[in-house]
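Asker: Below is the structure I would like to discuss, written out as structure tokens.
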Amino acid sequence: MPITKAIRPYDLRLFFRQLCPLLLLTSLLLASLPSFATPYATTLQRLAPDADPKVLRMATNALNCAQPDAERLAIIDFSRSANEPRLWVFDLVNDRLLFEELVSHGRGTGDELAMSFSNTPDSHQSSLGLFRTMNSYDGSNGYSLRLEGLEYGINDLAYERAIVMHGADYVSESFIDENGRLGRSLGCPAVPQDVAAPLIDSIKDDQYLFAYYPDSEWMAQSEFLNCQRDSILAESIDARSTQQDLAMQSSSP
């Protein structure tokens, strides 16, 4: 017949003395972690079912690392053919897909398919990674949007290179029909002329653009794809172990 051991008052006191520091530590850690209130990749997938779930997940992870409270996010999937829509603009506040459009890559990046990317001036190549949008302006390419590259060595020279979003007549279905592929820029993410103004207005002034391609060097180097959240969790585990040790020591006779 199994013997049931009664829990003595001393055992309960010891239990709560060990538990309370852990609860306090957990609450402090949760309070210190960044807010992840932006829509998860599953929400974006529902809004843009034709987009690659992996790309959406990487984009939302990068955004959560940079600015969880952003209101708008544009995502470019340069792994897709230039002849199909590969730019999505999301309203993160109202869970809406605002645009799904064609977008160009640079002449130095490839023909129909993108192949090469860089941060080098005069390369006529597109850049990858996370960008913060700046102000709109009227320039040589019409209504345009300045971009600030946030990733050192990957896209941080975007402003210096005049990598901007603008409209272009070579970004259209008619151009594809006549030439077999979409036109190319000097590295800018050019969009169709008829949507350029409303699209730019939807993401200008401190919103975000994420440009993806399965480039192993960028994915390994990017501080936004490899966010410090991992180190935060590692520190929390070390702190929890320390608290457990202290609780055990304090309970010793």
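Asker: Out of segment 75-104, which chymotrypsin sites (Phe, Trp or Tyr not before Pro) are coil in DSSP terms and have no more than 13 other C-beta atoms within 10 Å?
Answerer: Passing both the DSSP loop test and the Cβ count: no residue.
Asker: Using the basic label-point model (7 angstrom from Cα toward the beta carbon), what is the residue 140 to residue 205 distance in nanometres?
Answerer: Computed distance between label sites residue 140 and residue 205 equals 2.8 nm.
Asker: Please report the equivalent ellipsoid semi-axes of segment 95-181, computed as sqrt(5 x eigenvalue) of the Cα gyration tensor, largest first, in whole Å.
Answerer: Semi-axes from the Cα gyration tensor: 22, 18, 14 Å.
Asker: With the crude spin-label approximation of a point 7 Å out along Cα→Cβ, what separation in nm comes out for residue 223 versus residue 50?
Answerer: Placing both labels 7 Å beyond Cα along the Cβ direction yields 3.6 nm.
Asker: If you don't mind, another one. Mind sorting 176, 203 by how few other Cβ atoms lie within 10 Å of their own Cβ, fewest first?
Answerer: 176, 203
Asker: State whether segment 41-229 is rounded, prolate or oblate according to the following rule on the C-alpha gyration tensor (a ≥ b ≥ c being the square roots of its eigenvalues): a/c under 1.5 gives rounded; otherwise a/b larger than b/c gives prolate, and the remaining case gives oblate.
Answerer: Here segment 41-229 falls in the rounded category.
Every number here is computed from the coordinates shown, using simple stated rules; none is lab data. All values derive from a computational prediction rather than experimental measurement. In this analysis, Cβ positions are derived from the backbone assuming ideal geometry, glycine residues included, and neighbour counts consider all displayed protein chains.
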